[in-house]
Each structure stands twice: as structure tokens, then as C-alpha cells.
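Enquirer: Below is one structure. I have some questions about it.
The values are calculated or read from the model by the stated rules, or taken from the named source; none is laboratory data. Remember, it's a predicted structure, so these values are computed and weren't measured experimentally. Note that we place each Cβ from the backbone using ideal geometry, even for glycine, and neighbour counts take in every protein chain shown.
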4 protein chains.
Amino acid sequence: MKTLRGFGSDNNAGVHPEIMAAIVKANIGHVPGYGEDDYTREAIAVFRRCFGEETEVFFVFGGTGANTLSLRAAAQPHHAVICAKTAHINVDECGAPEKFSGCKLLDFAAPDGKLTVELIRPALHGVGDIHQVQPRVISISQPTELGTLYTIEEIEEIAAFAHHNHMILHMDGARICNAAAALDAPLRAITRDAGVDILSFGGAKNGLMYGEAVVIFDRHLAQDFEFIRKQGAQLASKMRFIAVQFTALLSGDLWLRNARNANRMASLLAERVSALPGMQLTQPVQANAVFASIPPKVIPALLQEYFFYPTENPGEVRWMASYDTKEEDIERFVETLARLLDQELAKGPAR
Amino acid sequence: MKTLRGFGSDNNAGVHPEIMAAIVKANIGHVPGYGEDDYTREAIAVFRRCFGEETEVFFVFGGTGANTLSLRAAAQPHHAVICAKTAHINVDECGAPEKFSGCKLLDFAAPDGKLTVELIRPALHGVGDIHQVQPRVISISQPTELGTLYTIEEIEEIAAFAHHNHMILHMDGARICNAAAALDAPLRAITRDAGVDILSFGGAKNGLMYGEAVVIFDRHLAQDFEFIRKQGAQLASKMRFIAVQFTALLSGDLWLRNARNANRMASLLAERVSALPGMQLTQPVQANAVFASIPPKVIPALLQEYFFYPTENPGEVRWMASYDTKEEDIERFVETLARLLDQELAKGPAR
Amino acid sequence: MKTLRGFGSDNNAGVHPEIMAAIVKANIGHVPGYGEDDYTREAIAVFRRCFGEETEVFFVFGGTGANTLSLRAAAQPHHAVICAKTAHINVDECGAPEKFSGCKLLDFAAPDGKLTVELIRPALHGVGDIHQVQPRVISISQPTELGTLYTIEEIEEIAAFAHHNHMILHMDGARICNAAAALDAPLRAITRDAGVDILSFGGAKNGLMYGEAVVIFDRHLAQDFEFIRKQGAQLASKMRFIAVQFTALLSGDLWLRNARNANRMASLLAERVSALPGMQLTQPVQANAVFASIPPKVIPALLQEYFFYPTENPGEVRWMASYDTKEEDIERFVETLARLLDQELAKGPAR
Amino acid sequence: MKTLRGFGSDNNAGVHPEIMAAIVKANIGHVPGYGEDDYTREAIAVFRRCFGEETEVFFVFGGTGANTLSLRAAAQPHHAVICAKTAHINVDECGAPEKFSGCKLLDFAAPDGKLTVELIRPALHGVGDIHQVQPRVISISQPTELGTLYTIEEIEEIAAFAHHNHMILHMDGARICNAAAALDAPLRAITRDAGVDILSFGGAKNGLMYGEAVVIFDRHLAQDFEFIRKQGAQLASKMRFIAVQFTALLSGDLWLRNARNANRMASLLAERVSALPGMQLTQPVQANAVFASIPPKVIPALLQEYFFYPTENPGEVRWMASYDTKEEDIERFVETLARLLDQELAKGPAR
């Protein structure tokens, strides 16, 4: 097995040892399934300590499930979900949100992946027009899929706009811990307290094996969620093994340590690669993603040694740092990259 | 935490130590996500050794996901799925099959949970009538939700009927290993070779932490399955941790050891409880489930000590043996039950 | 064109002359589309005079549309709709209700097509169980698809049960006028006043060209109905031509005259055919349908001369009288039938 | 009733007298429902004379129904439909296409409402990527919602691109007759012969009361269409009354006379209004739509006298000519407009 630590995605990493230890420890005897067990109750309590007692928490299998169920809970099929063109729900979930919620996504181009009130205001044009889907949810990703961050004030502004117009604010927090670490703010401050109504809380990209949580602050949205989760095929039978991972992540500071490391490593990677000839960052590095332009011919050679995703923009690549990225991983990667760039540049410009 | 081994469900058990060891062992370095890794390739190869090289295998998170995606792959929304009234897809998946496939389920009452050609033939009445959904899939559970088994000949007969009428045979094999063990037949003999076209292969009820497999024998059904899985929110990012569990289960005889133990323990439990006063088996015990009638007043007291599910028939209960059930667990359970029955019977009949 | 008046269905008839006259009269100049015109406002006012001022009315294209949208407005995809096995929504709409509402239908066998509280009470078993769809709507057809009628008291009893259990009562009134005529009761008395929350009001089977109305008494269900109608592709652009048909039908007594004729002709037909040798009524004739058993070999010969539907019970047929059925039509039909029965009986019993 | 002929929409007009005469004439006796009648067979034959014998034709109630069912027949839920941002399916059907087909719409901005191969080529980027919906249908409107026309060559080019990439070309022909009239080409030449696979053939905007046709040239798409139509609640019971309208429209040259008049009147209207002070055409007038910019303050005053739709661009309006528009209607309208412009301009510029 080839298991070199690279920068393909933060979900290419394995499971943090403390998470794995929690899983192993919970593997004892029988407990009821489907979340009717004490491990799950404990994990929910941990979330409530973090986000407030009024919080409702539902564990699901994965991130697409968390997003899709959130939208289904918040919107009817004649509603619309406002999102950025680059949003994961818009481009990376194979239409799961539309299929399961029945809603239309209204996407808005944002160069840095961040919605603004200014940008999305035109979506109000069709409100009340029976021929048009009715805007009901604004979904933002924090950090965005381009590695950028909303400030708390920016979230608050969107939340105020949403609520003023009877809409719900959903946050895709697949990497929410990286955002909190980068903003140096408590998880609650950048979500519930900033006006978020329903949050997809990511686990797998911050050291978990599997499992995400739908965290609901507007309790109306939680009313039928148990049924929605089951109907969405996201109810785990052996729920304890998801629950204990979240307890391990959130009861202490593991979530923060992991996220900080990933963010710091991304900064370092950005610093190192942007110093190389022919390389240029294409997005500010605010969390754990590095977007960069690269001589296109280098990409295939680099892919031979490291798995990663070119973006749909020719000559642009995405590299993600992870909770387990080490400085030595960056050194090795940068060396390889430098070598390939050298070889390419030696050939001189294409004629 | 209360972790007494009981008979609530085979998914109340934890993870078999060999499975857990495989998970821990795979937790090394980085590998690509979403099944593009060597662990997943290996697991698929193991399935193919078991079911034939032409087999397509897709890992998903859970059993409802496996069933729901299978039906979606096999049927269009104007099609119907024929199943038993007691089928898991009909009564225990909160409408997930209908929601995701768009299909209608045509259910047929069967006292032992087993469909027969005779029973379902009336479903052909509406074929070609544009006002009616068109039968397209027959879904059988092996073993059934009532703990009974189809013989290979019975499966073959249904398969022949299905194929003669241009239908597809789906098998819900949430406990398929228990069926193979009970029939003393290879997994392939009771599925592919008996005419099954698409199989939900269960893992969690036979010692896995999470993960099921959709195993496709009719390759047409596999054509777009990767997209269907993603759109159904059943594509795991860290796929390796599902894959290695199946490799551990199927590459040796762990699947069989686990299933045999569960079946044997169910037989023993059935033998012991049916000897108690006031107790009577209500279904033949052919795999790892025991259905029994019990003086209704004993149920609440027993539930104080053991978690289990009463059925919707008053005075009937379901008990499941598991891969990790031990004889001592049965002794303890039977002692408790005997004590409660004594207490109840001492009160004399209700007037 | 072969246009002999027969008994195939009340929708085989054409358009009542008064309805046609109203259509022709409305064909003048331009008016806004999609119901924003005075003709539509007038028709809604006519409905409100009939059913009460608080009534919300939405015109749609057809009966399947009316039923499907009603269920969608009343239920979420994790809900269930309780209905009779013979309900039109269950067997004659090609899964449209499931497809559009996402709901599961829970059907109950009723020999006369009528639900009772006793019959449907078991549907409450799964309330609150997250693995099961949650009963939310009871749908009854008045008259039933078997030509039988609910008394007002029977409707009230079902309504009370529905409301006590937080459910909504939907009535499929494809032939609601026939029911009111047969019960000699105002339309309001057998719907709103009896506890119905949402009604599919049929037009095409009582002399209209096309068009049905969803009539909503529980205003919560009307909240988003305009969007649901549009999304369900049931919003007519030239709405005035549906509206004026309903105005013509309901502003005077045309609805009653038409329905009474159909009912009376069904009675007469039943009387006449049941007097023939080998014929026997299989359902009480309470509205405009006649169900009868007939020597099976006569069916093909009769179908040569008259279009009609055999039921799925061998040797049973359904004949419908219409608003335009005349006594002479019955004479001619009965003569034909008598002749064919004679011929068949002359052959003696099959050996 | 206010029935002044204006320019709000071509569906604000009533029914052409020849169409109405055909309806009235068909109102005789009984015929089987749901299209099993000779009137429907005749109408289908008329379509086949027009489009070729291999054509499959399915009548539906309305345009949203025709589009929605077409997409459902052509695509699976994990597929995508490529369309212009201004497409009716994208902005004016309240999400019906997504809801019924389950597909995602990928919309592309086109200033004149016309797709080009260049514009949509980026949609191929995600082909084969399991995280992304797979492009399967290209849907173009002819004429477009902005009143512009594709040339035959332009359609051919898109069709070639579609077929080369295993996609299907759908044409929303709500005003297809206007397009054929404007291009002075047979209906077949701008559809089937240009590479269109499935066509929504509009009736209501060219003089029909109600009814559209789904015309299928790629017979694979027709295979299950009868069931799809029924499940989509678009199957009319008294089908003859849709059928005879199309027979009246297409068996002679009524379709062409109607369309030519509408197109000619739009040209005249455009010529007249563009000569007024402060008015400017914003799209070329190629069929029966006129888009113009107008001093915004005039809009409310004009709306007092004439119903029409402002577009979502401030100060832009859409006016549609109809089959029954007369020169005198234009004179009256232009007089009114001129008067209001005068009044507004007399006030001088806002300060």
C-alpha cells in the first residue's frame, strides 16, 4: 500500500490516534442501536456544552448527508437555496441536495467563494411570483471551498439579511474547526452566535474515521429531523462509534490542536511553494487550503508522485494540509515540486 | 455505561476483534479518498473471489442505503417493487426506498415473511395498464425479517418468475451470512447462482462497525451506480476503513464463524425459552432470530433488564442472537425470564 | 368516429351544453393568464358561496393533479397517507402521489371500498417510531371507486379520528356531486361540515371538458399552494376556460341535475341488468356506478359493441352512468347484453 | 369583464374561432378516454404527416408539463440539463423540472437567450467525475424567451455537439410555430431535421384553449412515456378535446397564419414604439416578442391601462403580439404609450 502523506485532501489522512483509542475503548458489550445509547447521549451533551443547551444534534454518516438533510429540513421543494457557484452542495455532491430536498439551488459567482448580501440580493426579485422558486435558505461554507474565511461580522450581516427576509442560514462546516482555529474564536461564536440556524459540523476532515453532525440552533428545524435522517439513509445502527469520536474531538481541545496544525501547515506550504519559480497563489490562504497556479506541464509529473486535484481552471491546483501534516512532509513535497519545476523550466518556453 | 450482552438486535453488539484489528492496521499515512485506494481494490477483489469475477461491488454506509440505492438502480419512478408486507424496506426504512427511487412498493402478506410466486402473481394484473405502476423489481429478504429462510430452490423459482416477466430480483441480505451458514451453502450459491441480480450485503449485523456492500450480478445495473451512490449520500470519503472490514470478514472464514455462532445461539435460546411455561415460538428458528409469544405482562419487567423489541403483535417478542453471544448470556437471560414468568404466573390469571 | 353513448366511464361523455356555452361565451378579447382574471375570481366566489367564505380554491387540470397536489400540501415525505386498497390514488394514478409527495401510501383492504376507524387504527402502531413513516393524512373517496357512499356520520367519525391523532382528512371527490345528490345533502354538508380538510372537487366526470378544483378548508394547507400547483405543472395559462365551467356548474343547479341523472340512470341500469340471467350485482348501487358479475365469456363479445372496464376480479365488470345517459341508452345496452347472454347460455355450461 | 386586447402575453388571447369550432364539433356522444379514441389517433396522424412517420406524439395539459416530462424521459436524477439562464425551465416553472426529473439544471448566461457550443462546452468538465452531475440534455428554446431565434445551422451545431457527447437535444417549442414562420421553414426542418430529439410543441400561445404536445424523434425516449405522462398528472381523460385542437391547427395552415400574424404585429409594434421618444429596443425582434427599455416612471401608468410584464432589468418591458393582434390594437396601444411618455417627459428629468 502506498501511504505517503501528501496534500490531496484532508480526508486522505487516517484517524487521529486519540479518536481511534476512543473507538477501541467503546467496543465493549452490547448497547442499543440508532442512538438510543449512553455514548450518544454523552456526545450530544458535549456538543451542548460547546454550542449551548438549546442545541439539537443529529449524527450522520457523511458530509453530503449532513448538507442534504439540513436543506431538506429547512426547505420545501418549491423553495430555493442560495449558494456560491463554488459551493460543495452546488458542484461536488452530484445533485444530492436537489434530489433529496427537491429544491433548486440558485448559485452566485464569487471570486473568493464568499457570498455577500450585495451579491445575493437579486435572488429576492422573484419573491411572491408563483412562477418562481422562493428563496428560503442561504448556505455558506466556512471556510469556503476556496480556503477563504468569512469574518464573524460578514456572517452576521448575511444572517441579518436572511432573517429579515424570512430565510434560514445554513453553514456547511465541513472544516468548521479550521475556521474557528483560524479566526481564533470559539465554535459557538462563528456559528450560533453569528446567526447560523443549522450547521453541518464536519468530522472526517479533522481526524475522524467517519461521521458528521447536523447541529440545529433553530429548534423548529429539528422537529421531524429524526425521521428525515432515517429516510435519508443516514441513521447509523452502531451509533456509539460515531458518538465517541465526537466526544473525543470536542470534550477537550483535540479539535483545536488538529485544526491549528492543518492551518499552520497550509501557511507554511503556501509560503514555500509561492517562493518557487513559476508558482503563484491564486487565493489567500486563510485556513488549510492552498490554491496556486503552476506551469500546466508540471501537473502530470507531480501527480505521478502525489495525489491531488487540479481545479477546473487550467494550471490551477488545490493542496490541502491535514491534522497530521508534518513539516517534513512539506519539505519532501516542495523538494519534489522544485525539481519538477526546474526540469520544466530548463526546457524553455513552448513554441 | 450499561453494556450487558442481550438479545435486542445483532446490531447492538460491537465490532469483532479481528475486524477492529484490521481497522487499526489500516490507519497509516494517506491514501486517496472515495474508494480510489488499494484497500478498496483489495476488498473488491475479495468479493469477486467469493461471487465471481463479473461481480460489481459498491460499499455504502448502511443497510437502508444499500437497499435504497439498489432499488433506485433497478427501477424507474413509474415502476413498482414487489415485497413482503414485513419487508424491512416496507416497514423499517421510513419510506426511504419510495423517497429515493420514486417507486411504489406493492406489499404482499406472507405469514412467514417469505414471498412465493403464487402470492405475487396478481401483481402482474396491471402490466401495460398506463394508470398503474409497472412491476419491475421483486425484493426478498434472506433470511426474512421473521427469521425464516428461503431454500435455494425457492429463490430459483422466484428468480425464474422475475426474469420471465422482465423483472429484477433484489435480495436484502442484511444477514446474508447467517443464511449461508444456516443453509450450509456458499454465499454465491444462494445469491448469484440462484438468480439474484442485485444484493444488499450486510456487514454491521455480522461484526462490522459500519458499512454494507451493494453487490451487482447484472452488470447493467452497475452502469451509473457510482453516481447513484454519491447522489444518495452513501459515498464514504475514508473508504479504506469500510473496505478493510470486508476484507477481514470475507477473505477467510470469519463471516462463517460469526454467522454460525449467532445461528447456533439462536437455536439454543429458542430451545431454552420454549421450555419455559407460557412461552411459545411463533416462527420457526432458521437463522439467528427467535420470535416467541410471552405473557404480555412480563414484557415491561423484562425490558427493565434487557433491551429488545416487542413486535406489533400483542404478546410477541423478537430476540436476536449475535456473533458474540455466549452460552452464558443465554443462561443469564433465561434465568431472568424464568424468574419473571414465575412471578407473573404466581399472580394467577387476570380476571 | 364511433360515438355511441355507453357505460365505459362518466368521462367518456362529452361536455354538457351549458358548460360548452359558458366556454364559448368567455372566448372574447384578452385577459391576464394564470388565474389573475375576473372569470377566475368569479368562479372562486361561486365556490365560496357554496362552501363558506373561508374556503380557498385552486383550479387544476385534472383529477390526478388535484389528488397529488392535495397530498403534497398536506404531508411531508416521511409521512404516510392512509387509504383504501381500491383508492384511485393507490391503484389508478401510476404512483403519482408517491412520486410528487414523496409519501408512502398505507392501504387497507375494505370490501366495499370504505375506510372505517376500526380498519385503519393499526396504522397508529408506528407513531413516533423513527424507522416508520408517520401517518399524516387519511384519504377517502366519496363516492368510493366501488360506487358506495359514506354517510355523513361515517365521514364525521373518520374526521374525528383524524383530528384527534393530528391527521388531515382528504376527500377524493372526483364524483362529489354524485355523492351529494345521492345523499340529498348540500355539498358543504358532506365535506367541510363533516370535517373534511381538503377536497379534490371533480369536474370532468360531471359534464366539464377538463378542470378540477382543490378546495381547502384548513387554511394552513393553502399557504404555499400556488407554488405547489405551479411546480406540479397544474397551473393553466388560460385559466378563464376552466373557471367559467365551474361557474356554470355551481352557480345554479347544473351540478345537481347532472349528478341526479347519472345516479338515477345507474339505478335503472342496475335494476335492468340484475334481472338478466347470470347477472348479479357485486356492490350496492349508491351513486352512478354499477358493479356486476357476468358470465366471463360474454365480456369479449360485449366489448365489441361497448367500451367498458372489466375489474381485476374475473367475471366482474364496472359500468358507469353519466350526466347524459338516457333511458334509451340503457334499453339499447340491456338488449345487447341480453342477446349475448342468451347466446352464451344456449351453449350450455363449459365442460 | 375587462377584455381589451393588449400585449401582456400571447396566452392572454382567447381561442381561435377555428379551434373553438373544432372543439364544439367534437362534442358528440361518448368516446373512450385517455387517448384511446379516434380523434386522438387522427391528431397523431396529423403530427406524423408534419414530422415524419417515425414520430411519437403525446398530448399533455400545458407547457410546464411538456417540458418537465420531456426532461424526465431524457434524464436520470444524477444527470444535468444544460440551458440558458433565461430559459423558461430555469426561471418560470417554479422548479418543476428539478422536482419531477430530479436533475440539476446547469444554466449559462447568454445575452440574447441563445446557447452556443462555445458557451456550454465547460459543462463537459465534470464528465465522469462521480462527485458531479453528468450532462445529459441540452435544452434550447425556439424562439428564445427573449424573442430571438436560432438559425437552422445554429441548431444543427448544438445538436452535433450534443450527440457527439452522448447528450440529447430538447427544444422548448412553446412558440415553435412562430419560429417556423419567422424562419420561413417547415416545422420539421427546424426540429427533427436539425437534430432535435424531443420537442415541447406549444399550442396555447398560438390559439389553442389548452394542450401541448411532446413530440419525440428519438424513439428510445418514448418507450415509457405513457407511464411518465400519467405519473406526471398530465394525462387528460377527455383527450379528444385536446386532440381536435391540434388537428385544426396543423392539418391546414392555421398554425402558420396565426404565427405569421403574431410575428408581423410584433415587428410593427417594435417599429412604432422604437420611434417614440425615450424608447429603445433591447433585443432584436425576430418572432412575436418585443423587449424595450422605457422611462421607468411610465411603467406604472401604462400598467393601469394594459396588463404586461416588466422584466427583472429595471426599465425594461416585454410585450408579446398574438395570433389575434390587429393593427388597430397597436395603434391604440402606441397612442396610449405616446401620451404617457409625453406627460413624463414634460415633467423634465428627475433631480
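Enquirer: Filtering region B:103-136 down to residues that are modelled with pLDDT of 95 or more and small (Gly, Ala, Ser), which residue is surrounded by the most Cβ atoms within 10 Å (Cβ to Cβ)?
Expert: B:Gly113
Enquirer: Okay, next question. Of the residues that make up region D:197-213, is at least one crowded, with 22+ Cβ neighbours inside 10 Å, among the β-branched types (Val, Ile, Thr) and part of a loop (DSSP other than H, G, I, E, B)? Show your work before the answer.
Expert: Within region D:197-213, the first condition is being crowded, with 22+ Cβ neighbours inside 10 Å, and the residues that meet it are D:197-213.
Restricting the remaining residues to those that are among the β-branched types (Val, Ile, Thr) gives D:198.
Narrowing further to those that are part of a loop (DSSP other than H, G, I, E, B): none.
For region D:197-213, residues crowded, with 22+ Cβ neighbours inside 10 Å, among the β-branched types (Val, Ile, Thr) and part of a loop (DSSP other than H, G, I, E, B): absent.
Enquirer: Determine the pairs where a residue that is at the interface with another protein chain (Cβ under 9 Å from one of its Cβ atoms) and farther than 18 Å from B:Val290 by Cβ, located within region B:125-154, has a partner that is at pLDDT below 95 and surrounded by fewer than 21 Cβ atoms within 10 Å (Cβ to Cβ) with Cβ atoms under 9 Å apart, the partner being 6 or more residues away or on another chain.
Expert: Correct list of pairs: B:His125/C:Glu312; B:Gly126/C:Glu312; B:Gln132/B:His125; B:Gln132/B:Gly126; B:Val133/B:Gly126; B:Gln134/B:Gly126.
Enquirer: In region A:227-242, how many are closer than 30 Å to B:Arg240 by Cβ and in a helix (DSSP H, G or I)?
Expert: Start the filter on region A:227-242 by keeping residues that are closer than 30 Å to B:Arg240 by Cβ, which leaves A:228-242.
From what is left, the residues that are in a helix (DSSP H, G or I) are A:228-231, A:240-242.
Residues in region A:227-242 being closer than 30 Å to B:Arg240 by Cβ and in a helix (DSSP H, G or I): 7 in total.
Enquirer: Those residues that are farther than 20 Å from C:Pro284 by Cα and loosely packed, with under 15 Cβ neighbours inside 10 Å, I need them from region C:306-327; list them, please.
Expert: C:Lys326, C:Glu327
Enquirer: Could you check how many residues of region D:1-33 are hydroxyl-bearing (Ser, Thr, Tyr) and at pLDDT 95 or above?
Expert: Here is the first cut: in region D:1-33, the residues hydroxyl-bearing (Ser, Thr, Tyr) are D:3, D:9.
From what's left, at pLDDT 95 or above: D:9.
Residues in region D:1-33 being hydroxyl-bearing (Ser, Thr, Tyr) and at pLDDT 95 or above: 1 in total.
Enquirer: Would you be able to say whether some residue in region A:78-90 is assigned to a loop (DSSP other than H, G, I, E, B), touching a residue at least 12 places away in the same chain (Cβ under 8 Å) and within 14 Å of chain C (Cβ to nearest Cβ)?
Expert: Yes, some residue in region A:78-90 is assigned to a loop (DSSP other than H, G, I, E, B), touching a residue at least 12 places away in the same chain (Cβ under 8 Å) and within 14 Å of chain C (Cβ to nearest Cβ).
Enquirer: Please count how many residues of region B:26-47 are in a helix (DSSP H, G or I) and among the aliphatic types (A, V, I, L, M). Lay out the reasoning, then the answer.
Expert: Just the residues of region B:26-47 that are in a helix (DSSP H, G or I), to begin with: B:38-47.
In the following step, the residues that additionally are among the aliphatic types (A, V, I, L, M) were identified as B:43-46.
Qualifying residue count, region B:26-47: 4.
Enquirer: For residues in region B:20-34 being facing chain A (nearest Cβ under 8 Å), surrounded by fewer than 22 Cβ atoms within 10 Å (Cβ to Cβ) and hydrophobic (A, V, I, L, M, F, W, C), which is nearest to A:Asp324 (Cα to Cα)?
Expert: Looking at the filtered set, the residue picked out is B:Ile28.
Enquirer: Filter region C:57-102 down to the residues that are under 18 Å from the mean Cα position of the chain (by Cα) and more than 18 Å from D:Gln234 (Cα to Cα), then identify the one that is surrounded by the most Cβ atoms within 10 Å (Cβ to Cβ).
Expert: Residue satisfying both the conditions and the ranking: C:Val81.
Enquirer: I'd like to verify a number: residues in region C:90-107 that are in contact with a strand residue (DSSP E or B) (Cβ under 6 Å, 6 or more places away or on another chain) and of a type outside the set (S, T, N, Q), how many? Lay out the reasoning, then the answer.
Expert: At the first step, the residues of region C:90-107 found to be in contact with a strand residue (DSSP E or B) (Cβ under 6 Å, 6 or more places away or on another chain) are C:90, C:95, C:98, C:103-107.
Those still in the list that are of a type outside the set (S, T, N, Q) too: C:95, C:98, C:103-107.
Here the count works out to 7.
Enquirer: Also, I was wondering about something else. For B:Glu93, only one of the following conditions fails: (1) at the interface with another protein chain (Cβ under 8 Å from one of its Cβ atoms); (2) among the acidic types (Asp, Glu); (3) assigned to a helix (DSSP H, G or I). What is its number?
Expert: Condition (3) is where B:Glu93 drops out.
Enquirer: Let me spell it out: the conditions are (1) of a type in the set (A, V, I, L, M, F, W, C); (2) over 29 Å from C:Ser9 (Cβ atoms); (3) touching a helix residue (DSSP H, G or I) at 6+ places or on another chain (Cβ under 8 Å); (4) touching a residue at least 12 places away in the same chain (Cβ under 8 Å), and D:Ala13 meets all of them except one. Which number is the exception?
Expert: Unmet condition: (3).
Enquirer: Looking for whichever is surrounded by fewer than 24 Cβ atoms within 10 Å (Cβ to Cβ), assigned to a loop (DSSP other than H, G, I, E, B), away from chain A (no Cβ under 14 Å) and without any contact (Cβ under 8 Å) to a residue 60 or more places away in the chain here; the options are C:Pro284, C:Pro277, C:Pro295. Which one fits? Don't jump to the end; show me each part of the working.
Expert: Numbers: C:Pro284 fails: without any contact (Cβ under 8 Å) to a residue 60 or more places away in the chain; C:Pro277 fails: without any contact (Cβ under 8 Å) to a residue 60 or more places away in the chain.
Answer to the check: C:Pro295.
Enquirer: Still on this structure: Mind listing whichever residues of region D:41-57 are touching a helix residue (DSSP H, G or I) at 6+ places or on another chain (Cβ under 9 Å) and more than 14 Å from chain C (Cβ to nearest Cβ)?
Expert: Passing the criteria: D:Ile44, D:Val46, D:Phe47, D:Arg49, D:Cys50, D:Phe51, D:Gly52, D:Glu54, D:Thr55, D:Glu56, D:Val57.
Enquirer: Another one. Among the candidates C:Leu71, C:Leu119, C:Leu124, single out the residue that is in contact with a His (Cβ under 7 Å, 6 or more places away or on another chain), under 30 Å from A:Gln223 (Cα atoms) and part of a helix (DSSP H, G or I).
Expert: Values: C:Leu119 fails: in contact with a His (Cβ under 7 Å, 6 or more places away or on another chain); C:Leu124 fails: in contact with a His (Cβ under 7 Å, 6 or more places away or on another chain).
Exactly one of C:Leu71, C:Leu119, C:Leu124 is in contact with a His (Cβ under 7 Å, 6 or more places away or on another chain), under 30 Å from A:Gln223 (Cα atoms) and part of a helix (DSSP H, G or I), namely C:Leu71.
Enquirer: Looking at the structure I just gave you, is A:Ser101 within 14 Å of chain D (Cβ to nearest Cβ) and under 22 Å from A:Thr64 (Cβ atoms)? Before you say what the answer is, go through the steps one by one.
Expert: Working: within 14 Å of chain D (Cβ to nearest Cβ): yes; under 22 Å from A:Thr64 (Cβ atoms): yes.
Yes: the conditions hold for A:Ser101.
Enquirer: Taking into account only those residues within region A:223-258 that are aromatic (Phe, Trp, Tyr) and within 14 Å of chain C (Cβ to nearest Cβ), which is farthest from B:Thr64 (Cα to Cα)?
Expert: Of everything passing the filter in region A:223-258, A:Phe225 is farthest from B:Thr64 (Cα to Cα).
Enquirer: Let me ask something else. Considering only residues of region A:210-222 that are closer than 10 Å to A:Phe61 by Cα and of a type outside the set (Phe, Trp, Tyr), which is farthest from the other protein chains (Cβ to nearest Cβ)? I'd like the intermediate steps shown before the answer.
Expert: First, pick out the residues of region A:210-222 that are closer than 10 Å to A:Phe61 by Cα: A:210-213.
Narrowing the set further to residues that are of a type outside the set (Phe, Trp, Tyr) leaves A:211-213.
Details: A:Gly211: 9, A:Glu212: 10, A:Ala213: 15 Å.
Among them, the one singled out is A:Ala213.
Enquirer: Turning to a different aspect of this structure: Does C:Asp112 count as away from chain D (no Cβ under 12 Å), of a type in the set (D, E, K, R), in contact with a helix residue (DSSP H, G or I) (Cβ under 6 Å, 6 or more places away or on another chain) and farther than 27 Å from D:Val244 by Cβ?
Expert: Numbers: away from chain D (no Cβ under 12 Å): yes; of a type in the set (D, E, K, R): yes; in contact with a helix residue (DSSP H, G or I) (Cβ under 6 Å, 6 or more places away or on another chain): no; farther than 27 Å from D:Val244 by Cβ: yes.
No: the conditions fail for C:Asp112.
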